[in-house]
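The values are calculated or read from the model by the stated rules, or taken from the named source; none is laboratory data. This is a predicted model, so every value here is computed, not measured. Cβ atoms come from the backbone with ideal geometry, glycine included; neighbour counts cover every protein chain shown.
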Amino acid sequence: MAVRPAFICPRVQICPCINAHNSPNLISLSLTINVGRTMQASPYGDLEEVLARAATADRTVIMTQINAAWTKPGSLLDLFFESFRTGEGGVARLLDHLVIVTMDPAAYAGCQLVHPHCYFLRTTGVDYRGEKFFMSKDYLEMMWGRNKFQQTILQLGYNFLFTDVDVMWFRDPFKHISMGADIAISSDVFMGDPYSLGNFPNGGFLFVRSCNKTIEFYRHWQAGRYRFFGKHEQDVFNLIKHDMTDRLGVAIQFLDTTYISGFCQLSRDLNKICTLHANCCVGLGAKLHDLRNVLDVWRNYTAAPVPDKRAGKFQWKVPGICIH
């Protein structure tokens with residue numbers, strides 16, 4: 001993929017926004033002890049500790065978000081992990097850098113049984129334990145809350161690659177993220193040019209570098225929740241992308257669905273695909289059905305001799321409930 005130089009985010013350590021004392025959005029809580037000694041307590045609980053443990057040397061973390069409905073045996077979290085473990089090219093090693101953000105106590109407890117980097121995002125007003133139906137009030141609260149949390153990660157000075165838990169990871173996707181991109185986002189529909197704003201974004205697979213202009217982008221994105229009331233965060237991204245690239249100089253890369261694929265625009269080349277997202281698919285049951293079939297095909301593919309792989313003998317089981 002050609003790398004367009006465009007606008008490159010400076011390294012995160014030079015961003016003044018990561019200093020809690022310099023930003024109104026990162027306010028440290030001071031606890032004054034009787035003996036006169038002042039200690040700093042994080043307003044984020046153990047988040048910074050979890051991020052520090054999981055991050056790569058360049059302060060990058062992979063994140064996903066789950067609730068109790070997705071942690072039951074045989075549900076999406078199990079399939080998500082299986083995709084890494086059956087993947088190629090050492091993709092399983094990336095689990096060391098995965099932070100699982102949990103939305104309820106049951107999900108947090110379940111996460112701790114299977115993964116070392118879990119964070120409980122405490123919220124009020126919404127019960128996140130059950131399935132949230134597309135565009136319901138609780139769904140919108142969950143999506144916008146996720147967006148706000150991503151902004152917090154950037155303000156803490158970490159780059160992140162966010163992945164929905166219904167994304168199967170087969171190979172390392174980082175090689176397809178341009179060094180010239182401040183934001184790299186997956187595509188529901190990819191039109192051929194990774195820097196064309198005419199592509200249709202999907203926020204379920206999203207890489208963002210931490211720097212001042214991406215943090216400012218997120219502030220405008222959050223404000224769009226009220227400017228475009230009733231729309232979810234992906235639609236608002238689509239509505240503000242032209243203005244924000246012009247005003248802030250943010251370089252947005254739309255990821256090629258040949259490699260970063262989904263049910264909306266399915267890659268049929270198993271020799272190239274890195275990730276596969278169960279997008280354009282409504283309902284937990286439908287996602288589970290089709291993703292189990294996807295993993296069946298993938299396991300057969302990885303067990304096959306190299307000549308059979310190269311010959312393109314393996315194809316997804318289509319049609320499914322959503323996949324086609």
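For Y44, the conditions (1) surrounded by 16 or more Cβ atoms within 10 Å (Cβ to Cβ); (2) at pLDDT 95 or above; (3) within 17 Å of F149 (Cα to Cα); (4) not β-branched (V, I, T) are fulfilled apart from (2). Restricting region 63-81 to residues that are in contact with an Asp or Glu (Cβ under 9 Å, 6 or more places away or on another chain) and more than 24 Å from N147 (Cβ to Cβ) leaves a set whose member that is surrounded by the most Cβ atoms within 10 Å (Cβ to Cβ) is L79.
Count of region 41-91 residues, restricted to those that are part of a helix (DSSP H, G or I), in contact (Cβ under 8 Å) with a residue 24 or more places away in the chain and of a type outside the set (G, A, S), is 14. A count restricted to region 149-168 and to residues that are closer than 25 Å to K287 by Cβ and in a helix (DSSP H, G or I) stands at 2. Residues that are farther than 20 Å from L255 by Cβ and touching a helix residue (DSSP H, G or I) at 6+ places or on another chain (Cβ under 7 Å) were ranked within region 144-167; the one that is modelled with the lowest pLDDT is W144. Report whether or not V294 is buried (at least 19 other Cβ atoms within 10 Å of the Cβ), within 27 Å of F81 (Cα to Cα) and without any contact (Cβ under 8 Å) to a residue 60 or more places away in the chain. Criteria not met by V294. With respect to the conditions (1) buried (at least 19 other Cβ atoms within 10 Å of the Cβ); (2) closer than 21 Å to E141 by Cβ, Y226 falls short on a single one, namely (1).
Restricted to region 297-321, and to residues there that are among the small types (G, A, S) and exposed (fewer than 14 other Cβ atoms within 10 Å of the Cβ), the residue that is nearest to P73 (Cα to Cα) is A303.
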